[in-house]
1. I'm checking my understanding of the structure. Among residues of the stretch A:116-168 that are hydroxyl-bearing (Ser, Thr, Tyr) and under 24 Å from residue A:72 (Cα atoms), which one is farthest from the other protein chains (Cβ to nearest Cβ)?
2. Name every residue in the stretch A:147-160 that is over 19 Å from residue A:62 (Cβ atoms) and buried (at least 19 other Cβ atoms within 10 Å of the Cβ), in order of residue number.
3. Which one of these does residue A:49 not meet: (1) more than 22 Å from the chain's Cα centre (by Cα); (2) of a type in the set (S, T, N, Q); (3) modelled with pLDDT of 65 or more?
4. Which of the residues that make up the stretch A:116-140 are within 22 Å of residue A:60 (Cβ to Cβ) and either in contact with an Asp or Glu (Cβ under 6 Å, 6 or more places away or on another chain) or not hydrophobic (A, V, I, L, M, F, W, C) (or both)?
5. Within the stretch B:238-250, how many residues turn out to be in a loop (DSSP other than H, G, I, E, B) and either of a type in the set (D, E, K, R) or modelled with pLDDT of 90 or more (or both)?
6. Here's a check for you: in the stretch A:181-191, which residue that is of a type outside the set (Phe, Trp, Tyr) and under 16 Å from residue A:99 (Cα atoms) is surrounded by the most Cβ atoms within 10 Å (Cβ to Cβ)?
7. Would you be able to tell me the number of residues in the stretch B:215-235 that are assigned to a loop (DSSP other than H, G, I, E, B) and in contact with a helix residue (DSSP H, G or I) (Cβ under 9 Å, 6 or more places away or on another chain)?
Amino acid sequence: MNELDKIPVRQELSVAEGNVKRSNPLANVFDELVRFCQSRSMFMLHYCTGCGAIELPPAMTSRFDMERLGIQPMVTPRQADILLITGYVSVKTLKRIILTYEQMPSPKYVIGICSCTVNGGMYWQSYATAKVLKEYLPVDIYIAGCMPRPEAVISGLRDLMGDIKSGRADNWKRYFQNYDHYLGNQQKLFGEDWQTPTDIIAEAEHYGLMTDQTLGEHTALLQKHQQPLEALEFSLGEKREKIQGENPREKNNE
Amino acid sequence: MRPENYEAIKQPPSNEFELNFGPNHPGIEGNYAFRVKLNGDEVLSARADAGYLHRGFEKLMEGRLWIQNIALVPRICVPDPVPMEVCYSLAIEELCGLEIPERAMWLRVMQLEMSRLAAHLFAFGGHAATTGMYTPMFWGVADRDLILDRFEELTGGRVYSIYNIPGGVRRDMPDGFLDRLGTLLDYLDSRLPDYDSLFFRNQVFIKRARDVGAMTQEQALKWGVTGPNLRATGLAFDVRRDDPYLVYDKIDFDIVTEPGGDALSRNLVRRAELKQSIRILRQIIKHLPSVKGAVRCPIPNPLAWNVPAGETYTRVESSKGELAYYVVSNGGDKPYRVHVRGPSSMHAVQVLEKLAVGSRLEDVAQIMFSLDACPPEVDR
C-alpha cells in the first residue's frame with residue numbers, strides 16, 4: 001500500500017480543535033493559511049443597529065480607510081463574516097440581530113461597539129433596550145466608548161484580525177456548544193414561544209459541535225412550540241388579515 | 001372536466017407582491033424599515049415600520065436630573081446633535097429666567113451652523129450613494145470629518161459634544177480657534193464648485209431626481225413638513241428668521257427656496273444652505289472677538305437644582321427641520337414631562353409613505369435620503 005493513500009483526502013479544516021491529533025502533517029499549515037486568508041478578507045454586514053454607526057462612514061471612507069485592511073461592507077448576511085452591533089439594541093432590533101446572526105455562515109464574528117452593548121450604557125434604565133449583548137450572542141470583541149472614534153473601531157478590528165489569525169476567535173462555536181443558555185436568555189426576553197426559521201441544533205450536529213449544553217430545557221421548549229416552516233405567502237387583502245390573526249409567528253415578527 | 005362542487009380560489013393578482021425594505025438594507029437610512037406593495041417595480045403602497053431604535057427617551061428624561069439630561073438629548077438625533085442640546089438648554093433657561101451672556105449666544109450659533117454644515121454634507125453624500133454615485137459620498141464624509149475635527153478641538157467630542165449647558169456653554173474656545181475655522185471655511189467654500197460639477201449639476205443626478213417624490217406647498221403644510229423640505233416647495237419659512245432665537249436677528253443671511261418640491265429641489269436647497277452657513281460662520285468669525293465677557297451665567301448647584309414650576313415650548317431650526325421641546329416642570333429636580341417635536345417623525349413616516357406611492361422601487365431610498373429623515377429621531 002502506498003504511503004500516500006493513508007493520508008485522508010478531505011480534512012475538516014475549519015472546525016479542527018487544537019488538541020486533536022491530525023493525521024495529515026500539512027493540515028496545520030493549511031489551517032494557518034486558511035486563517036490568514038480569513039483574517040484578511042472580512043466582510044462586514046451593512047446593518048446600522050444604533051448610533052455608533054455614524055462613525056462607520058468615516059472609518060470606511062478615504063480618511064481612515066478600512067478597506068486597506070480588507071474589511072468591506074456587505075449587504076447580505078449570507079455573505080458576511082462580521083456582525084457589527086453599533087450601539088444600543090432595542091428588543092425589536094435584537095430579534096432581527098439574532099435572526100441575522102443565525103443566517104450568517106460560520107465562522108462568524110460579533111463585535112459590540114459602544115458602551116451600550118457592554119452594560120446598557122446611557123440606557124441602563126430604559127424599558128425598551130436589551131442591556132448586555134453577550135447574554136444573547138457570543139461577542140468576540142467589545143469596543144467601548146460613546147461613541148468610539150474611527151481609530152478605535154479600526155484598532156478593535158485589527159485585534160479581531162489577530163485573534164482570527166492565531167485561532168483564538170472561536171466564539172461562534174460557543175453559540176452551538178451552549179445554545180441552550182443563549183436560547184434561555186432569548187426566551188426570557190421574548191417569551192417562551194420565541195423561535196427563528198433557522199435550525200441551530202441541526203447545524204451544531206453538522207459542525208460536530210454538540211455538547212451537553214447544546215440541548216436542555218429551553219431547546220425542549222423550542223421544539224414544543226416550533227411549527228413546521230410554511231412557505232412564505234405574499235398574500236394581499238382579506239387573506240392576509242386572516243393569516244395574521246391565526247399565525248403565532250406573525251406575532252413574533254412585530 | 002371539473003367536478004360539480006369545484007370553486008375557483010380567488011387569488012390576488014399575481015403581479016402584485018409585497019417586499020420588506022429594511023431594516024438591514026443598504027438603501028435605508030439607519031435602522032428603519034418599509035413594507036412596500038409593488039406592481040412590477042411600481043410602488044402601490046408603503047407602510048413605515050419604525051421602532052427599531054426606540055429607547056423611550058421621554059420617559060428616561062423624567063427619571064434624571066435636569067443637568068443629567070444634557071448628556072442624553074444629543075443622542076436623539078445622531079447626525080445633527082447640537083440643536084438638541086441648544087433647544088433643551090433654551091427651555092430650561094426660559095423656565096428659570098436665566099439671561100445667558102452674549103458671548104455664549106454667539107458660541108452657540110457658531111456650533112449650530114457648524115453642525116448644520118456637517119449634517120448637510122452627510123445628507124447629500126448619502127443621497128448621492130443611493131443614486132449610484134459614490135464619489136460625492138466619499139467627499140462629503142471626508143469634508144464632514146474636518147468639521148468634526150474643529151468640534152473636537154472646541155468641545156472635546158467628535159460627534160456628541162455636550163458643550164451647551166443651561167446658562168451658557170462649558171468653556172471658552174481655545175486660542176486661534178477662529179483662524180483654523182476660517183481656514184476650514186475657505187477650504188469648504190473652494191469645494192462647493194467641485195460638488196456642483198460632480199453632483200448638483202450632474203445630468204445623471206438631475207435626471208434621476210427631477211419630479212421624484214414631489215409634493216405641493218399645500219400638501220407640505222398639511223403634512224407638517226418643515227425645514228429644507230418645506231423651503232423646497234417654495235415657502236420661505238425658517239425659524240431662524242421668523243422666530244429668532246439667540247443672535248440670529250443680528251446675522252445677515254438669506255432664506256433659500258426652490259419651487260419644485262421634488263428630490264432635486266430639496267438637494268438644491270441644502271446646497272444653497274451650505275453657502276449660507278459658511279456666510280453666517282464668516283460673520284461670526286468677524287464679530288465674535290469683539291464680544292467680551294463670560295461664557296456662562298451663574299447657575300445653582302446642578303445636582304440640587306429645582307427648576308421653577310411652569311411649562312415652555314422652545315423651537316430651533318435644525319438641519320432636518322423645526323425642532324422643538326415642550327418641557328413641563330413641577331418645581332422638582334427632575335423634569336415632569338419632556339416632549340420632543342422631532343422633524344423627522346413627520347418626514348419619515350407620514351410624508352414618505354405618501355410620496356413613495358406611484359414612484360419606482362429604486363426611488364424609495366432616494367426619496368428617504370432627500371427628505372433627510374433621521375430614524376433615531378423618529379423612534380426616540
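1. A:166
2. Across the stretch A:147-160, the qualifying residues are A:147, A:148, A:156, A:160.
3. With (1) more than 22 Å from the chain's Cα centre (by Cα); (2) of a type in the set (S, T, N, Q); (3) modelled with pLDDT of 65 or more applied to residue A:49, the lone miss is (1).
4. Matches in the stretch A:116-140: A:117, A:140.
5. Residues in the stretch B:238-250 being in a loop (DSSP other than H, G, I, E, B) and either of a type in the set (D, E, K, R) or modelled with pLDDT of 90 or more (or both): 2 in total.
6. Per the stated criteria, the residue is A:183.
7. 10
Every residue, every condition in (1) in the same structural domain as residue A:97 (by TED's automatic domain parsing); (2) more than 18 Å from residue A:81 (Cβ to Cβ), yes or no:
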position: A:137; (1), (2): yes, no
position: A:144; (1), (2): yes, yes
position: A:165; (1), (2): yes, no
position: A:185; (1), (2): no, yes
position: A:195; (1), (2): no, yes
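The values are calculated or read from the model by the stated rules, or taken from the named source; none is laboratory data. This one's a predicted model, so the numbers in the text were calculated from it and none came from an experiment. Here Cβ is always computed from backbone atoms with ideal geometry, including for glycine, and neighbour counts include all displayed protein chains.
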